[in-house]
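Notes follow once the structure below has been shown.
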Amino acid sequence: MVVERFLKMGTARSRIREQFEYGMAQAAIVGKENVYDFSIGNPSVPTPAAVAETVKELLAMDPIALHGYTPAGGCAEARESIAADLTKRTGDQIRPENIFFTCGAAPAMTACMQALAVENAEFMLLAPYFSEYPAYAASTGAKCVVVPADTEHFQVHVDEVEKRITRNTQAVIVNSPNNPSGVVYSVETLQALAEVLTRKSEEIGHPIYILSDEPYRELVYDGLDAAYVPAIYPNTVICYSYSKILSMPGERIGYICVPDRCADSANLYAAIAGAARALGHVCAPSLWQRVVARNTELRPDLATYDRNRVTLYEELTKLGFRCVKPQGAFYMMVAAPDGNSEDFTQRAKALNILGVPCDGFGCPGFVRFSTCVSHDMILRSLPAFRKLAASYGL
């Protein structure tokens, strides 16, 4: 006997991985240069040279000290460095004791949800949302409540959030810059959301938290900044990852920050630590803790991603496609001309253009294209996109 919900998750194919794997198989048949794979968010900008230099320096350390266990929440050097950087950048007073290191943002989110998954707990997802959130919630036994997407501006239907809050609402998941839309939530949007959550928390008699999933925090364009959510809504927990900003998703390193301003912060932090312990997510890789500790001020090179997003947006718009212009991250959503995202995906696939239908992101009718690809591939894909547009009479 096995747990049915985990069996379903283990046998269900991820559309992202499915398209990615198809692309690799198809490349062996028609040549890599003839496959236009926009399916997966694998950074295409090299890891900063400073990271490699830091690794070399660290490898000269005593190997027992370098590769040994750290405290469950992270080594002192790493927690102190992250806390100091956040304090400097946000003006908030973040202490090392507010930081808990994890193997990336996914375990961070899972630990937070486990910690908040009281009986009948509900987590609210703001569509479009990262497609793995429902799986994280399912692992806790909690219920997901979906707020439909604002398909005009891709901000948040705050009135729809309010309608869906119940006594069981534990947290709202905020992902800005957003995967899959690339949109950055405005300060006005977050203030309106904060006002509703503050009022409803008082009505139902317990805090409704925001879990702010921030792997793309520094990937913003056109002079925008991603807002520091705890300054707008104090009951916010940050889940962060270095996978995207330092181009090292395979190293699995990130952290949770529970600011002191968060309601019941000490108990919440302890519950998160306990959930991480139960999940086996303690003592994130010690080498990478020390690498990020010494590189907290590194920022990604945005020029390549910026050129890609502008080129793809402008070229597809010229062809007649309706595109959501990305403000951050490295994704762009394109509306299926007939509203059928699955058919759009299959027509594109027949031309070796690989995107991901957004039905699994809570936003049917759109397809996600990752822009963290080579610029040359974007240019090579344009004749195929032209054929795709013609198939719809655009």
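Tabulated results
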| quantity | calculated |
| --- | --- |
| Qualifying residue in segment 322-331 (condition: without any contact (Cβ under 8 Å) to a residue 24 or more places away in the chain and within 25 Å of Y133 (Cβ to Cβ)) | yes |
| E214 being modelled with pLDDT of 95 or more and closer than 30 Å to E53 by Cα | yes |
| Test: residue in segment 107-114 that is in contact with an Asp or Glu (Cβ under 7 Å, 6 or more places away or on another chain), buried (at least 19 other Cβ atoms within 10 Å of the Cβ) and within 22 Å of R15 (Cα to Cα) | yes |
| Selection within segment 208-220 - part of a loop (DSSP other than H, G, I, E, B) and surrounded by 19 or more Cβ atoms within 10 Å (Cβ to Cβ) | I208, E214, P215, Y216, R217, L219 |
| Pick from segment 296-339, criterion more than 18 Å from Y36 (Cβ to Cβ) and basic (K, R), ranking: surrounded by the fewest Cβ atoms within 10 Å (Cβ to Cβ) | R299 |
| Search result, residues across segment 134-180 that are hydroxyl-bearing (S, T, Y) and closer than 18 Å to M333 by Cα | T151, S176 |
| Residue check for S243: assigned to a loop (DSSP other than H, G, I, E, B) and crowded, with 19+ Cβ neighbours inside 10 Å | yes |
| Selected residue (only one of A149, A135, A108 is modelled with pLDDT under 95 and of a type in the set (A, V, I, L, M)) | A135 |
| Residue satisfying all of: in segment 376-394; farther than 17 Å from Y313 by Cβ and not in a helix (DSSP H, G or I); farthest from the chain's Cα centre (by Cα) among these | G393 |
| Matching residues in segment 337-393 - criterion: being touching a residue at least 40 places away in the same chain (Cβ under 8 Å) and among the charged types (D, E, K, R) | D338, R347, K349, R368, R380, R386 |
| Any hit, segment 227-249, residues being on the phi > 0 side of the Ramachandran plot and either out of contact with any helix residue (DSSP H, G or I) (no Cβ under 9 Å at 6 or more places or on another chain) or assigned by TED's automatic domain parsing to the domain that holds W288 (or both) | yes |
| Condition check for T371: buried (at least 21 other Cβ atoms within 10 Å of the Cβ) and among the β-branched types (V, I, T) | yes |
| Filtered residue count, segment 296-312, keeping only those that are more than 30 Å from M333 (Cβ to Cβ) and either hydroxyl-bearing (S, T, Y) or more than 21 Å from the chain's Cα centre (by Cα) (or both) | 1 |
| Verdict on S247 being at pLDDT 95 or above and either of a type in the set (S, T, Y) or touching a Lys or Arg at 6+ places or on another chain (Cβ under 7 Å) (or both) | no |
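The values are calculated or read from the model by the stated rules, or taken from the named source; none is laboratory data. Only a predicted model underlies this, so the values are computations on that prediction, with no experimental measurement involved. Ideal geometry is used to build each Cβ from the backbone, glycine not excepted, and the neighbour counts take in all protein chains shown.
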